[in-house]
Every structure is written in structure tokens, then in C-alpha cells.
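The values are calculated or read from the model by the stated rules, or taken from the named source; none is laboratory data. Everything numeric here is computed off the predicted structure, so don't read it as measured data. Positions of Cβ are generated from backbone atoms using ideal geometry, with glycine treated the same way; all protein chains shown enter the neighbour counts. Quick note on the areas: whole protein, heavy atoms, side chains included, nothing else; ligands and nucleic acids left out. Shrake-Rupley method; radii C 1.70, N 1.55, O 1.52, S 1.80 Å.
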Amino acid sequence: MTHSSRSRLTRRSVLKGGIGLALATTALTAIGLPVPARAAGKKVIIGAFADGGLTPFKQKIIPLAKDAGFDIEFLEDEYGVTLEKWFADAKNSAGQYDLYLLDDPWVPQFGAANVLEDLGAAGVDGGDKDWIGSMIDMGYWPPQKGPRVKGFETTTPTLICVPFVGDLQTLTYRNDVYTSGAPKTWDEVIAKGKEGVAAGKIKYPVVFRGVSGNPIVTSWYPVFLSFGGSFFDDKWNPVFNSAQGKASAEFFVGTMKQNAPSGVVEFDSDQEGAAILGGEAGAIIQYSGNALKADDPTQTKVAGKLDFGVVPKQTSAIAQMGIFIAGIPKSAPNKANSVEFLKWYVSADIQAKLSEAGSIPVKRSAFGIAKPGNRLIPVALQQLDAGALPRPRTPDWAKVEELLGIELNKALQAGSGGGAALDNAAKQVKDYLTTVGYY
Amino acid sequence: MNSRLARIGVMSAVLAIVLLPIYWLVSTSLKSNREITQEGTLYPHVPTLDNYIRLFTEKQFGAYLTNSLVVTFFSVAIALVAGSMGAYAIARFRLPFAMERKVGLFLLTLRIVPPVVILIPVYLLMLKLGLLNSWLGLIATYTAFNITFCVWMMESFFREIPVDLEEAAMVDGDSRFGAFRRITLPLAAPGLAATAIFAVLVTFNEFLFALALTATPRAMTMPRGTATLIGRIDTDWASMAAAGVIGALPIVFFALLVQRHLVRGLTMGAVK
């Protein structure tokens, strides 16, 4: 009896499971699997990290590319894994992608490893005056200007990447708190923000990211630049712990923290985004991916009350620039298609379409179109003209950022000691760069 | 009466603690991102199915789910077949110098080694074999892990089944393999079910190897696909919650399907 029962149930279970799996597979395949490539299309496999800044490209430009005969396969991945994944893909000639949409600080690492195609030799015109100069400069390895790392002192700069979507920090502020327009200085951000708090319009004058590593460094960077700081001298000696740098760090971990939400030490982009979009904070410096949500009532409780401006200054108003930048791996399976696609994409016509769609273009002419797709685009040009700097062009930037971020985070937790934090970080950075042969 | 009330109270509290994460997951999946990040509501004030729709229309979750189901089904099925035969051999045969125990120990090492240690070699192996981004690559990898697990689980179950039953069948003219297939294996069915459940759970939820071995929707599994919702500066929490609900459903259905076997499996063999 028992044996019979076991046998019958086992078969039924297997049959049930098999039939269920087959039905589910069939149904899900029908509704979810990627559409097979068109035989006549010029296949291009693009690898990208997930980011709101690419939404206009996905929604508006990919259909145009398909109309132009390209068969685009757009593969998104989580930001935290893409660098390692693509670098392994390129180093091992795995040939899984035709185009990487890199974050610009990654260019030196790929450049030093010599795994990307020479796009200048492939016919992309890096000398076109229509490029935003600071953006096309980031596509060269070694850099055309500024210090170079060892081993590349005399190497001729090669265009290995081309700017794809512009992105940089700008100020987002509450127009009912800063009623005279964007605050011009950090002092104004704090003073008028406090008035906004007293009037019950907001809870905190500012909000920023305090999490150790890249987040806190990214938030501190424009403050540091606006105080007149610079990172390295031309021999790669750390100079960020100068008097200006220390003043910016003390202001950041002291005054700014006192006027930010109490949990700001633990804040990353989600929390700072919620604070400004939820109506609690008066001002924030952020990249375009989050700024683009300011006019969307499904994303913010204060639509209509958020405006954009150039970052505040102490001595100057300089933002951090970080763009999406495209490189073709030497192992790309459809290399010729990728080159053709890039030339098509960076043409003035398509860049104008990108601007209309709402993304920050990489060609100056596209900033001048009659109807840019969002209010941030003209402000982005103002910021570019006022000043925007990329992160130092070294393959070791990620490590530098990590060391600096840890020390800044400790000082932020304490609410003081920003200057000492920079001294500690400078020593660690110097030791690290010595170890890897910079001097 | 008071003790009954106290029991009910304690049980209710335990139930609430157990169910809270599930409630929060389902509830979050029905909210907008704005409601999740800016309002922190206890229940969806404006319930929406947009998050689920977006997963299948924009995020290719149909493909991810299909990949997970196919990869899990085949790797567990192959592992159960091969693993149960291996376990039977270890349980029934004796090799010189007690090598059958050493074989078992050797197999166990694959479970002891932290997966991240062998991640890069496996990645390079799959790269050389041209099996990155393929079902076959994932199935081969997961099968290797699952076989060791199945051998160790099933060996204990087979040891519980009297060898006399097989010998009686062979006396009646059955072959060794026939006795294994017709007598021993059906008796070990509860053990197979228990083993299958654990193997399915581990395989369906596996993330590390899926992260390294897949990069496209052709082979990305559910956990791997869900990670693509984490952006550089923002995370689509609502869609992640919806993905969590969808990802849990196949496991729940599978567990319901084999739960009777599982209960019996827990009363015999290694998982007592």
C-alpha cells in the first residue's frame, strides 16, 4: 500500500512539475525573451550600467538607430559589477560586447591595459570643434593635458573612447526658499536655507551623500573645488590637504552636516534623492540622473518648486564632471558596425535629437536647439562654461577615492576634524601610490 | 483559559514576525517608488501593478524567469539521477582501503570550498569552452555542485533501506540496476524529494556564479536579473520588490507540490 502510494505520487509530481514547467516556459518565452536579431540589421551589442541618465537614449535614440539600419542589443547591468565584468571581458577577449558605455574614470584603466580600439584611426574625428572640449579630452589615453602616470610619459595620446551622454553636477534648489534664484555661494545656501526651515517650508537647508568611498567623495568634490582645492600636483603628489582643501573639508563635515538630515552619515543617492524630492531639503548638488526627476510628479512631492542652477562657489563655481563614454573592445564581434554606429550617434543631427529627448548632449551645437527636452540642459551648459572638472586621470583613482572616502566619513561621523582627515588620507594615498610605482 | 490566551498571543506574535517580511515585500511591490522612498506608508495608498508590468515589458523578466526555471530543472534533474547512483554505490559497495569513504570526502570538498574561491577558474573554463551566457554553462556549473550535495544526502537515505529487499529481487531474477530502479529508488522517494527541494532552493537562488557567467538576458537568471535594477545613483525599489514576489512563487509552488514527500523525507536519512 505504502509502496504503491509512493510510486503513484512520485510520477504525478514529476508529471505535474514537467507540465507546469513546460507551460510556464512557453508562456514566458513568448512574452519575455528578447526578439531575435533581424537578419538584415547591423548588429551592435551595447553594454551599459543602469542609470536614469540613459533613459532618453533608450527610449528615443535606439528606435532611431533601428530606423537607420542598426540592430541594437542594449544590455544593462548593475553599476557595481560592470567595471570588473567588462575589464575581464576585454582582457580575456571574450567578445561579449561591441561597445561599452563606461563611466569616465574607468578610461585610464582600460587605456593602460590597451584593450580598446583606436577610434581616431577608425575615422572618428576627435578634432571636431563641435565637441565639448572637456568631454572629448576624457576620451584620450594617455591624457592630452595634465600629469601622466609612469610608463605613458612619452606615449602619443590616442582616442580610445568618445563621449556618449554628457553628465555633470549641478545645483537643484527650492525656488520657494531661494526666492532670488539659485544661491550663489555656500554661505547663501546655508543662511537662506535656515530661513526656509524657520518658515516651515523645508526641514534641512542641504542634503548630501555621506557613505564612505565614492558617495561621500562625490558630494564633497564640488565643495572642495569651489574652495579652490586641487588633488595632485604634476608629479602625482597629493595636494588635496592644502589650506583650501582643509577649509572645504571642515565646512563639509561641520557646517553642512549641521544643516543636513541627522542620518546623513549613512546617506547614499536614494536617501538624498528622497530628501530633496520629498520636500524636506532646500538644496542639493547632484548628477542629471536624479535631477531629471524634479519635474515628474510621480517621482516628487514638490514638482514645480525645484529649479536648477550652477553649483555655489566660495572662490569659484566648479562642478565634478562624469560622463558616459563609449569604447569599442578589440574583441568586439561586430567592430565595423560599432564604429559606424558611433559616427552616426555623435553626428550633430543625432546629438540634437538626444538633446530634444532630454539627455545632456556631447556636442556644443546640440545645446543650442530650440526645444531641449528638459530644463537642466541649458543649466548644464552654464555649468560647463563656469567650470567642470573630471576626476584625476589615473588608473588608481578608485583606490584613492576609497582611502579618502573612509577618512572623510570618519570625520563626518565626528562632525569635525575634516582637515586632519585629509592629512591622514594624503599620507595613505602617497604610501599607496609609492607602492604601485608612481615616484 | 489564560494559558490558552497566552498561547494564542505568543503564536500570533510569532506568526506576525514570520509573515512581516513577506507582507512588506508584497506591499512594497504594489507601491510607487515615490511612496516607498518619500512617504514610507504601511500599506499601498495607491496600489499599482505597474511594477509587475514594467518588469515584463521593459526589463525582460520573462527571460530571466524562464532561464531560472530551465537551468534549475535540468541541473537538479541531472544531479538527482547521477547523484543518487553515486550515493547508491557508496552506500552498497566496498572498495579496497575503504576508498568509498574517501570518494565521499573528496566530493564533500566541493561543498566546503567557498564558491568565490573557484569563481575565476570556472569563469575562465567557461570562457575557453565558449559557454559564457548560455544555459549549458550554468547547468554544468550548478550540476557539479548539486551532485555532491545529492550524493551526501542520498547516501544516508539508501543506508536506511534494507539491502535484503534488493537481494530478494535479484534472487527472483532482477539485475542489480533493475533492483536499484524498481525497489530501492521508489523506497527512497521521500529522500529524493527532500534532496530535490534543497537543491532547487540553492540553485534557484544562486547569485555569484550567475553574476560571473552571464551578461545578457539570454542566460541571466532571476537573482542576476534583479541585480540589474540597482542603478548608479538610484535603485528601482518597487520593481525589485515585484521581482522578489515573482521569484518566490516558483519555489512556493514547488514546495507545495512535494511537501508530503518532504515531511516523510525528514523522518528518514540525513536530515532527521
*Starting from the Cα of B:THR57, step 7 Å along the direction of its Cβ; do the same at B:ALA13; then give the gap between the two resulting points in nm.*
4.6
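With every protein chain present, what is the per residue accessible area of the range A:91-153 (1.4 Å probe, Å²)? If you can, show how the numbers build up before the last one.
Numbers: 2350 Å² over 63 residues.
Each residue of the range A:91-153 exposes 37 Å² on average to a 1.4 Å probe.
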*Taking θ as phi - 60°, what are the ³J(HN,Hα) couplings along the range A:322-330 by the Karplus curve (6.51, -1.76, 1.60), each to the nearest whole Hz, with x for Gly and Pro?*
x, 10, 7, 9, 9, x, 9, x, 4
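Report, to one decimal in Å, the Kirkwood hydrodynamic radius for the range A:176-257 based on all distinct Cα pairs. Working shown, then result.
On the way: mean 1/r = 0.0713 Å⁻¹.
This gives a value of 14.0 Å.
Mind checking the mean number of beta-carbon atoms from other chains within 10 Å of the Cβ atoms in B:244-254? Provide the component values of the computation, followed by the final result.
Details: counts 0, 0, 0, 0, 0, 1, 3, 0, 0, 4, 4.
Rounded to a whole number, the mean comes out at 1.
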*Cα gyration tensor, the range B:82-198 - rounded (a/c under 1.5), prolate or oblate*: prolate
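Can you give the Kirkwood hydrodynamic radius of the range A:281-431 from its Cα pairs, in Å with one decimal?
Values: mean 1/r = 0.0532 Å⁻¹.
Averaging 1/r across every pair of different Cα atoms and inverting gives 18.8 Å.
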*Average other protein chain Cβ within 10 Å of Cβ, residues B:230-243*: 6
*Can you give the relative contact order of the range B:190-247 as a percent, counting alpha carbon pairs under 8 Å and 6+ residues apart?*
24
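Using r as the Cβ-Cβ distance of B:TYR23 and B:LEU201, and R0 as 25 Å, what FRET efficiency do you calculate, to the nearest 0.05? Mind dumping the intermediate values first?
Values: r = 21 Å, r/R0 = 0.86.
Result of the calculation: an efficiency of 0.70.
If you average the sequence gap of Cα pairs under 8 Å that are 6 or more apart and divide by the length of the range B:82-221, what percent do you get for the contact order?
Values: 103 pairs, mean separation 50.3, N = 140.
With pairs under 8 Å counted, the relative contact order is 36 percent.
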*Applying the Karplus parametrisation 6.51 cos²θ - 1.76 cosθ + 1.60 with θ = phi - 60° to the phi angles of the range A:182-195, what ³J(HN,Hα) value in whole Hz is obtained for each residue in order, glycine and proline being reported as x?*
4, x, 8, 10, 5, 4, 5, 4, 6, 5, 6, x, 5, 4
_Length-normalised contact order for chain A - Cα pairs under 8 Å, 6+ apart - percent_ = 23
*Calculate the length of the line joining the C-alpha centroid of the range A:243-267 to that of the range B:94-112, in whole Å.*
59
*Let me know the longest stretch in chain A that avoids all trypsin sites (Lys or Arg not before Pro) found in a DSSP loop with at most 12 other C-beta atoms within 10 Å.*
A:236-439
*Residue-wise HN-Hα coupling along the range B:45-55, computed from phi with Karplus coefficients 6.51, -1.76, 1.60 (Hz; x: Gly, Pro)*: 6, 10, x, 9, 9, 4, 4, 5, 4, 4, 4
*Based on the Cβ-Cβ distance from A:ALA199 to A:ASP295, what FRET efficiency comes out when R0 is 25 Å, to the nearest 0.05?*
0.55
*Compute the separation of the alpha-carbon centres of the range B:128-165 and the range B:235-257 and state it in Å as a whole number.*
25
_Solvent-accessible surface (1.4 angstrom probe) belonging to A:ASP385, in square angstrom, nearest 10_ = 100
_With Cα atoms, 0 to 90° folded angle of helix A:2-32 axis to chain A main axis_ = 60
*Cα axis of helix A:376-386 to longest principal axis of chain A: angle in degrees, 0 to 90, nearest 10?*
50
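In deg cm²/dmol, rounded to 500, what helix-only [θ] at 222 nm does chain B give when every DSSP H run of at least 4 residues adds -39500 (n - 2.57) and the total is split over its residues?
Numbers: 12 runs with 193 residues, N = 272.
Result for chain B: -23500 deg cm²/dmol, rounded to the nearest 500.
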_Accessible carbon and sulfur surface of chain A relative to its total accessible area, %, 1.4 Å_ = 54
*Over all residues in B:33-39, what is the mean tally of Cβ atoms on other chains that come within 10 Å of each residue's Cβ?*
6
*What accessible area per residue, rounded to a whole number of Å², is obtained for the range B:12-91 using a probe radius of 1.4 Å?*
49
*Longest segment of chain B with no chymotrypsin sites (Phe, Trp or Tyr not before Pro) in a DSSP loop having at most 15 other Cβ atoms within 10 Å?*
B:94-206
*Surface/4 of the Cα convex hull for the protein assembly as shown, nm²*: 39.8
*Kirkwood hydrodynamic radius of the range A:362-439 from all distinct Cα pairs, in Å?*
15.7
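Rank these residues by their accessible area, most exposed first, probe 1.4 Å: A:ASP71, A:ASP423.
On the way: A:ASP71 15, A:ASP423 60 Å².
If we order A:ASP71, A:ASP423 from most to least accessible, we get A:ASP423, A:ASP71.
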